[in-house]
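Shown next, in structure tokens, is the structure this report addresses.
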Amino acid sequence: MPLRTGLPAVVGTNPRVLILGSFPSEKSLDTGEYYANARNQFWRLLSSLLGFDAELPYPDRIKAVTGAGVALWDVVHSCRRVGSLDANIDRKTLVLNDFSTFLEKYPTIERGFVNGLTAYTLFQQTDIGLPAERLPSSSGALTMSFDDKLAAWQVIA
């Protein structure tokens, strides 16, 4: 299995919030788009919170998100993984993103929100001092109703 590298951060001019996933799915890596899997509820959640259409083309969704002061990135920079499940990440090959440099470049980021348990657990290893709150995973694999996820994700708005 090849070593894969994640997607670059998506950041607007004055981000105040950083939403972190663990590592992009195979579909996201192939398309170069965050949360490209249609079963993932990420775009539906953010569109409900920020007031844009989740069916917009990807560049327009990115404009809506960054225009609302939200940046997107992942905790993991690179790793080996079979498939798209976080449980399949080979921890021996795991390299985390450089959050210290990132936050120096974007000092307006005040808070982080971490999408799911794996991302949160890995982010806790960074010890960079950014307050971060764990959100229920937007993955369709999490058996939680959309309304319950949306209620938990309200803290972003």
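The values are calculated or read from the model by the stated rules, or taken from the named source; none is laboratory data. These numbers were taken from a predicted model, which means no experiment stands behind them. Neighbour counts run over all protein chains shown; Cβ positions are idealised from the backbone, glycine included. With ligands, DNA and RNA removed, areas are computed over all heavy atoms of the protein, side chains included. Shrake-Rupley method; radii C 1.70, N 1.55, O 1.52, S 1.80 Å.
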Review point. When only residues in segment 63-74 that are open to solvent by less than 50 Å² (accessible area, probe 1.4 Å) and touching a residue at least 24 places away in the same chain (Cβ under 8 Å) count, which is farthest from R4 (Cα to Cα)?
Key: G69
Revision key, fill the gap. Being of a type in the set (D, E), over 19 Å from S139 (Cα atoms) and in contact (Cβ under 8 Å) with a residue 40 or more places away in the chain narrows D86, D98, D90, D60 down to just D90
Point to revise | Every residue from segment 102-129 that is over 17 Å from V70 (Cβ atoms) and of a type in the set (V, I, T) | key: T118, T121, T126, I128
Check your understanding: So P107 clears everything in (1) more than 19 Å from T13 (Cα to Cα); (2) out of contact with any strand residue (DSSP E or B) (no Cβ under 9 Å at 6 or more places or on another chain); (3) open to solvent by 50 Å² or more (accessible area, probe 1.4 Å) except one condition, right? Which one?
Key -> (1)
Study note, to complete from the structure: Expected output for segment 140-157 (first residue touching a residue at least 12 places away in the same chain (Cβ under 8 Å) and in a loop (DSSP other than H, G, I, E, B), partner hydrophobic (A, V, I, L, M, F, W, C) and open to solvent by less than 70 Å² (accessible area, probe 1.4 Å), Cβ below 8 Å, 6+ apart or cross-chain) is A157/L49; A157/L50
Review point. Here are D86, D98, D74: which of them is on the phi < 0 side of the Ramachandran plot and touching a strand residue (DSSP E or B) at 6+ places or on another chain (Cβ under 7 Å)?
Key: D74
Point to revise | Residue count, segment 101-131 (criterion: at positive phi and either among the polar types (S, T, N, Q) or under 16 Å from the mean Cα position of the chain (by Cα) (or both)) | key: 1
Check your understanding: From the set of residues in segment 75-99 that are open to solvent by 30 Å² or more (accessible area, probe 1.4 Å) and touching a Gly at 6+ places or on another chain (Cβ under 9 Å), which is farthest from P15 (Cα to Cα)?
Key -> D86
**Study point:** Boolean, R39 is surrounded by fewer than 16 Cβ atoms within 10 Å (Cβ to Cβ) and in contact with a Ser or Thr (Cβ under 7 Å, 6 or more places away or on another chain)
**Key:** no
